[in-house]
Amino acid sequence: MIKRRQFIQQAAFMAAGLALFRPSILGAAPSVKPSRTGIQLYTLRSLLKPGTVQEVLEKVAAAGYKEVETYGFNPKGGFWGLSPEEFKRVLSANGLTSPSGHYGADAFFTKNGTKDDIMPLIEGAAAANQAWFTIPWLAPGLRNSADDYKAIVEKLDQAARLCKEAGLKLAYHNHDFEFEDHGGTTGMDIILNQTDAEDVKVELDIYWAVFAGKDPVKMIKQHPGRFTMWHVKDMSKTNRKENTEVGNGSIDYKSLFAHADKAGLKHYFVEQENNYTPDPYGSIASSAAFIKKAVL
């Protein structure tokens, strides 16, 4: 399994389907624009470190991206050694913005977790001028039963209130484990059905949903407006445990984007965690080019 635990000019196009593996019908135009294609910087984690941020972001912009989603923020170390204010300046110098960040907040989600465990992270996101504070994953010990997820729901609603007070919005990013059965329900069902639908949104990782055997289109239809951000990550045709460049894999993103409006999509981020061809920079350029071409 992958470690981390850690989208489109207005236009009508042909593409939609119950499954994401190539059947299509006339679809609606998505509400996001191709000029705002984003990338989850975890894609370039082998290259990002203190002292390389400027170089990496220059190449991200050159590859065709306008937005980035961060990961790994630390209240002491900031974003790869840069304070939120310094990071914003580097983004601006490269024509980039960062609407969302992934913030590991496991301490807050424990039984004894408090506001003090998450506020430094929320403050960092606000200082970086991000709009979305995204929970990227939960440690295994926090998510073993339906009751665990009910406790998570309470924490998500609490975190959403804290985010709102700071001028942010809260999102939860899925992997595959949220779709495991817990006595006839799943963690994702509990999150979607029991959190405040207005205040808690979901960043839908398309790859992980498909990997778990779910149909993202069906999910969107069942919960319209909840999936305000997507991770656009393709699945290798030869090994479903591996990623590949968007457009080279088995997930039909052209059809999926026809449902962007119904999903409530505001931002989408390309992510690739392994299997880069020919290398990470060439890989992200290929994905960006496909997205731009496929939806015009």
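The values are calculated or read from the model by the stated rules, or taken from the named source; none is laboratory data. Being a predicted model, the structure only gives us computed values, none of them experimental. Neighbour counts run over all protein chains shown; Cβ positions are idealised from the backbone, glycine included. Please note that ligands, DNA and RNA were not included when accessible areas were found on the heavy atoms of the full protein model with its side chains. Shrake-Rupley method; radii C 1.70, N 1.55, O 1.52, S 1.80 Å.
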Here D for the range 55-140, in µm²/s, from Stokes-Einstein with a Kirkwood Rh over Cα pairs at 10 °C and 1.306 mPa s, works out to 117
Among Tyr207, Gln158, Phe257, the residue whose Cα sits farthest towards the positive end of the charge dipole of the chain, when +1 is placed on the Cβ of each Lys and Arg and -1 on the Cβ of each Asp and Glu, is Phe257
Checking rank on 267-273, 72-78, with mean other Cβ inside 10 Å and highest first, the result is 267-273, 72-78
For the table Lys201/Lys233; Lys76/Lys201; Lys59/Lys266; Lys214/Lys237; Lys111/Lys169, the rows whose alpha-carbon distance is greater than 26 Å are Lys76/Lys201
The size of the Cβ-based charge dipole (Lys, Arg +1; Asp, Glu -1) of the chain about the Cα centre, to the nearest 20 debye, is 680
Mean shadow area (nm²) of the C-alpha convex hull around the range 156-296 is 9.3
Helix-only [θ] at 222 nm, the chain, -39500 (n - 2.57) per DSSP H run of 4+, per residue, nearest 500, equals -9500 deg cm²/dmol
Across all Cα atoms of the range 54-104, Rg and the largest Cα-Cα distance (Dmax), in Å, are 10.6, 31
For the Lys115, Ala62 Cβ pair and Förster radius 35 Å, calculated FRET efficiency rounded to 0.05 is 0.30
Given 103-109, 133-139, the highest-first ranking by average Cβ count within 10 Å works out to 133-139, 103-109
Per the rule of 0.36 nm per residue minus the C-alpha distance, extending Asp106 to Asn74 adds in nm 10.2 nm
Sorted largest first, the C-alpha extents of the chain along its principal axes in whole angstrom are 49, 49, 33
In Å², rounded to a whole number, the accessible area per residue of the range 33-170 with probe 1.4 Å is 43
To the nearest Å², the heavy-atom accessible area per residue of the range 201-289 with 1.4 Å probe amounts to 32
Among the Cα-Cα pairs of the range 186-255, the proportion with separation greater than 20 Å, in percent, is 31
The simple spin-label model distance between Ala151 and Ala166, using points 7 Å out along Cα→Cβ, in nm, is 2.3
On the accessible surface of the chain, probed at 1.4 Å with all protein chains in place, carbon and sulfur together account for a percent value of 50
To the nearest 0.05, the calculated FRET efficiency linking Lys49 and Ser83 through their beta-carbon distance, R0 being 22 Å, is 0.85
Note to self: C-alpha centroids of the range 105-134 and the range 242-296 sit apart, in Å, by 29
